[in-house]
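Nothing in this text is a laboratory measurement; each read-out follows from the coordinates by a stated rule. Treat the numbers as computed from the prediction; the structure is a model and nothing was measured. All Cβ positions, glycine included, derive from the backbone under ideal geometry; neighbour counts span all protein chains shown.
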Amino acid sequence: MRQTPRSVVLVSGASSGIGNACATYLSKKGHAVYGTSRDPGARARRADEFFELLTVEVRDDESVRSAVDEVLSREKRLDVLVCSAGIGVAGAVEETALEDGLRQIDVNFMGVVRMVRAALPWMRVHGGSIFVLGSLAGRYGVPFQAYYSASKRALQGFVESLRMELVGFPVRVALIEPVHIRTGFYAARMVCGLAEDSPYAANGRRAIRSMEESEQLGSDPVLVARKISRLVRARHLRARYSVGPWLVRFGLALRQLLPYCILERLIMAHYSIDARNGDR
Ligand SMILES: NC(=O)c1ccc[n+]([C@@H]2O[C@H](COP(=O)([O-])OP(=O)(O)OC[C@H]3O[C@@H](n4cnc5c(N)ncnc54)[C@H](OP(=O)(O)O)[C@@H]3O)[C@@H](O)[C@H]2O)c1
C-alpha cells in the first residue's frame, strides 16, 4: 500500500545539476516530487530517480501555470517549491546582445517570479515553503557575468521583499546560495563576444577560464539537496543560506567584514582581471 507522502514538492530545472539532485534526494526521502524540464523526453531517467518530469519553459507564463495546476490536480496540494531552473550568460556588457541579456534576466529572475506567482495562491492559504536558487554572484558582482549577477541580485531583493509581504501567511521563503557546485551549468553557459580582436578578450577569457577551473573543483550537488531537505523540516527559515564546503563559506564570511574596495580587489585578483587589459 502506498504511504502518504510527507510533502508534495515541485522542482524547476530538475533535468540536471542542483535541481536534479534535489528532486532525486527528496523523492528518496519519501516526498512526492515533480521535476520540470523544457524537454523531459530528451533525458533518460536515472535508476535512482523516483520523480516525474513535467514540461516547463520558465519564460512562458502558461507553461508554468499549467505545471503547477497539474501537480495540484494530481496531488491536491503543493508543499514545497524549489526554483532551480537557470542559465548563465557570460561576456562583456558591451558585447552581449541585449536580447541575450534579456534572456538571462527572463530565465533566472522572471522565471522564478512566474513559478512563485503560480504557487502562491495555493500556498498562501494552505501553507508551503519556497526555496529560490540564488548565487554569491548576486551578493558581489562578478566580472564578465554582469547580467547573471544582476539576475541573482534581483532575486535577493525579490526574496527579501516577498518574505516581508508574506508575514502572517503560512508561506516561508529562503534564498539558497550554492558555492562552487559541479553541475552541467558551466557546459551550458553561453559566452558572448570576446573574439580574438575584442578589447575585452584578455581579461574576459582569463575570467571565464578561472570560473571554469574553480567549477571543475566544485562539490557534489547533493550538498544543496541535503541542505534543502533539512530546511523543509526546519521550524524557521532564514532569508538566505550559502551552501558549499565549510572552508569556502568561512572565507566568504570573513570577506564580508572587509571594506568593498578591498573586496573588489580580491574579486579581480581571483578572476585574473588585469588593469592593463593585455597579455592574453
Ligand atoms: N552550479 C553552481 O555552482 C551554482 C552556483 C550558484 C548558483 N547556481 C544556480 O543553481 C541553479 C541550478 O544550476 P545548475 O548548476 O544545477 O545548472 P544546470 O545543471 O545547467 O541545470 C539548469 C536547469 O535549468 C533548466 N532550464 C534552463 N533554462 C530553462 C528554461 N528556460 N525553462 C525551464 N528550465 C530551464 C535546465 O533544464 P532543461 O534544459 O531540461 O530545460 C536544467 O535542468 C541555477 O539557478 C544557477 O544559477 C548554481
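Looking only at residues in the stretch 207-222 that are surrounded by fewer than 18 Cβ atoms within 10 Å (Cβ to Cβ) and not hydroxyl-bearing (Ser, Thr, Tyr), the one that is farthest from the ligand (Cβ to nearest atom) is Arg209. Only one entry of Val89, Val93, Val125, Val82 meets the criterion of being farther than 30 Å from Arg235 by Cβ, out of contact with any Asp or Glu (no Cβ under 6 Å at 6 or more places or on another chain) and not hydroxyl-bearing (Ser, Thr, Tyr), and that entry is Val93.
Determine if the stretch 88-106 includes at least one residue that is within 10 Å of the ligand (Cβ to nearest atom), under 22 Å from Asn20 (Cβ atoms) and of a type in the set (Val, Ile, Thr). No, because not a single residue in the stretch 88-106 is within 10 Å of the ligand (Cβ to nearest atom), under 22 Å from Asn20 (Cβ atoms) and of a type in the set (Val, Ile, Thr). The residues in the stretch 36-76 that are within 22 Å of Val222 (Cβ to Cβ), within 23 Å of the chain's Cα centre (by Cα) and more than 7 Å from the ligand (Cβ to nearest atom) can be counted, and the count is 10. Screening Gly91, Gly111 for residues that are surrounded by 23 or more Cβ atoms within 10 Å (Cβ to Cβ) and under 28 Å from Ala195 (Cβ atoms) leaves exactly one candidate, Gly91. Scanning the stretch 131-171 for residues that are within 11 Å of the chain's Cα centre (by Cα) and not hydrophobic (A, V, I, L, M, F, W, C) yields a total of 6. The helices (runs of 4 or more DSSP H) found entirely in the stretch 163-280 that carry 1 or more residues being over 30 Å from Val113 (Cα atoms) and hydrophobic (A, V, I, L, M, F, W, C) are 201-216, 246-255, 260-270. State whether the residues of the stretch 169-190 include one that is surrounded by fewer than 20 Cβ atoms within 10 Å (Cβ to Cβ), within 20 Å of Gly244 (Cβ to Cβ), within 16 Å of the ligand (Cβ to nearest atom) and of a type in the set (S, T, N, Q). Scanning the stretch 169-190, I find no residue that is surrounded by fewer than 20 Cβ atoms within 10 Å (Cβ to Cβ), within 20 Å of Gly244 (Cβ to Cβ), within 16 Å of the ligand (Cβ to nearest atom) and of a type in the set (S, T, N, Q), so the answer is no.
Of all residues in the stretch 75-97, none satisfies being free of Cβ contacts under 8 Å to residues at least 12 places away in the same chain and either outside any loop (DSSP other than H, G, I, E, B) or small (Gly, Ala, Ser) (or both).
For the stretch 120-144, the set of residues classified as surrounded by fewer than 23 Cβ atoms within 10 Å (Cβ to Cβ) and within 15 Å of the ligand (Cβ to nearest atom) consists of Leu136, Ala137, Arg139, Tyr140, Gly141, Val142, listed by residue number. Any residue that is more than 10 Å from the ligand (Cβ to nearest atom), farther than 21 Å from Met110 by Cα and of a type outside the set (Lys, Arg) - is there at least one of those in the stretch 16-24? The answer is yes, given that some residue of the stretch 16-24 is more than 10 Å from the ligand (Cβ to nearest atom), farther than 21 Å from Met110 by Cα and of a type outside the set (Lys, Arg).
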